[in-house]
Amino acid sequence: MKDKGKKISRRSFARQGSLAVAAGFIAPAGSAALIPSTGERLAMYQEQSARGVVCLICPNECTLKDGELSDCRNRIARRSKLYTMAYGNPCAANIDPIEKKPLYHFLPGTSAFSIATAGCNLACLNCQNWTISQTSPDKTRNYDMPPEDVVRRASAGGCRSIAYTYSEPVTFYEYVLDTSKIAHEEGIRNIMVSNGYINKEPLRQLCKHIDGANIDLKSFNDSTYLKLTGGRLQPVLDSLRTYRDEGVWLEITHLVVPGWTDKPEEIKQMCGWLAGNGFKDTPLHFSRFQPQYKLEHLPPTPAGILNRAVEIARSAGIRYVYMGNMPGSGFDDTICPSCGKKVVDRSGYRIVAQNLKDGRCSCGALIPGVWH
Ligand code: SF4
Ligand SMILES: [Zn+2]
């Protein structure tokens, strides 16, 4: 890892979480047994250096000596090789509405078989899944669920997609890659719900098998990014471009954290960058913060701030702007930018009505997305 200060900070963040086990997740129908992690596999994207073995999957580029655990707590060095620790061992598995990811322009009204292993390459102060993201796979209770089994369960559950989500799928890269290949053979789509903190080459390789993604753009201020998450802004912006250029359907989430990521001027800069870099048709979700983890002392995001963020995004020319974690906000529906008609009517995660034919509004305007 390049930034020593960042490393100490991430470790100390995670100390509290390392005692936790996964909690609050529901086993999918026909549940698998819960087991300690047995999923060590040789990791991809590793190279030798004089200081140890380097992981090239994400910008942290951890350099590990034998027995050392990575920053994401999901990889370990043994005999000068790097191993992923949670292959086939998710600590969470659920069937979710796709709207929960959130993906609003991707197979609305369908279900996604959703899995996570323990670990994350960032350490957000506001993490809502810190009990599984800020710990390692040997400390969670896991399912024995090899890739074929994930796909079989998704299919049996009537899911049109598999979502790699909850913690950070970049850290269980090999498991995602193998599962997504098999899913495609069975006609099931693949979704990344990710922080976008990944190097370009592994991402391009992954994108061949990924159909949709919701990526967090957590701040537009690099210093805030580092303090709030332990990561940097630029790699995330690069990932947005890569997902888009590789033809993956993309949606973006910005969590509005009071005092951290709620400044109108920075939201304006972020929306200006998105609009100026070809993301006007990329749905943008402003998500309401709820007090948790290290930011429990903060209030939930006031509605007025969220309304202002939506206004700023629309003024910047972003066409599909939504508000998340805010029932009754009135910003759940998809509105045709040409005629103003409601083309997808939502109530929470439920689709009330969908007035699209071949992806078009009745006025003829094409609404970008994956509708079938
Ligand atoms: S994926 Fe994990 S091991 Fe690899 S560089 Fe990122 S934090 Fe380090
Ligand atoms: Zn229309």
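The values are calculated or read from the model by the stated rules, or taken from the named source; none is laboratory data. Because the structure is a prediction, the values reported are computed rather than measured. Positions of Cβ are generated from backbone atoms using ideal geometry, with glycine treated the same way; all protein chains shown enter the neighbour counts. Protein only, heavy atoms only, side chains kept; ligands, DNA and RNA dropped before computing areas. Shrake-Rupley method; radii C 1.70, N 1.55, O 1.52, S 1.80 Å.
List the number of the failed condition for Gly231; all other conditions in (1) surrounded by fewer than 24 Cβ atoms within 10 Å (Cβ to Cβ); (2) in a loop (DSSP other than H, G, I, E, B) hold.
Result: Gly231 passes all but (1).
Please go through region 362-372 and pick out each residue that is open to solvent by 40 Å² or more (accessible area, probe 1.4 Å) and farther than 21 Å from Leu250 by Cβ.
Ser362, Cys363
Among the listed residues Thr84, Thr110, which satisfies the condition of being β-branched (Val, Ile, Thr) and open to solvent by less than 10 Å² (accessible area, probe 1.4 Å)?
After applying the criteria, what remains is Thr84.
Can you name the number of the only condition in (1) farther than 30 Å from Gln134 by Cα; (2) without any contact (Cβ under 8 Å) to a residue 40 or more places away in the chain that Ile367 fails?
(2)
Could you say whether any residue in region 141-157 is part of a loop (DSSP other than H, G, I, E, B) and under 18 Å from Pro102 (Cβ atoms)?
no
Which ones in region 107-116 are assigned to a loop (DSSP other than H, G, I, E, B) and in contact (Cβ under 8 Å) with a residue 60 or more places away in the chain? Give the steps one after another, and end with the answer.
Initial filter on region 107-116 (assigned to a loop (DSSP other than H, G, I, E, B)): 107-110.
Correct list: Leu107, Pro108, Gly109.
Quick grid of which residues meet (1) without any contact (Cβ under 8 Å) to a residue 12 or more places away in the chain; (2) assigned to a helix (DSSP H, G or I); (3) of a type outside the set (A, V, I, L, M):
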position	(1), (2), (3)
Trp260	no, no, yes
Lys268	no, yes, yes
Gly272	no, yes, yes
Ala275	no, yes, no
Phe279	no, no, yes
Pro291	yes, no, yes
Pro299	no, no, yes
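What residue, of Tyr320, Tyr225, is farther than 23 Å from Gln128 by Cβ and under 21 Å from the mean Cα position of the chain (by Cα)?
Tyr320
I'd like the full set of residues that are assigned to a helix (DSSP H, G or I) and open to solvent by 50 Å² or more (accessible area, probe 1.4 Å), limited to region 179-204.
Selection gives Lys181, His184, Glu185, Lys200, Glu201, Arg204.
Among the residues of region 315-372, write down those that are of a type in the set (Ser, Thr, Tyr) and more than 12 Å from ligand 2 (Cβ to nearest atom).
Answer for region 315-372, where residues must be of a type in the set (Ser, Thr, Tyr) and more than 12 Å from ligand 2 (Cβ to nearest atom): Ser315, Tyr320, Tyr322, Ser329, Ser347, Tyr349.
Quick one: in region 247-303, which of the residues that are of a type in the set (Phe, Trp, Tyr), buried (at least 17 other Cβ atoms within 10 Å of the Cβ) and over 11 Å from Lys218 (Cα atoms) is nearest to the chain's Cα centre (by Cα)?
It comes out as Trp249.
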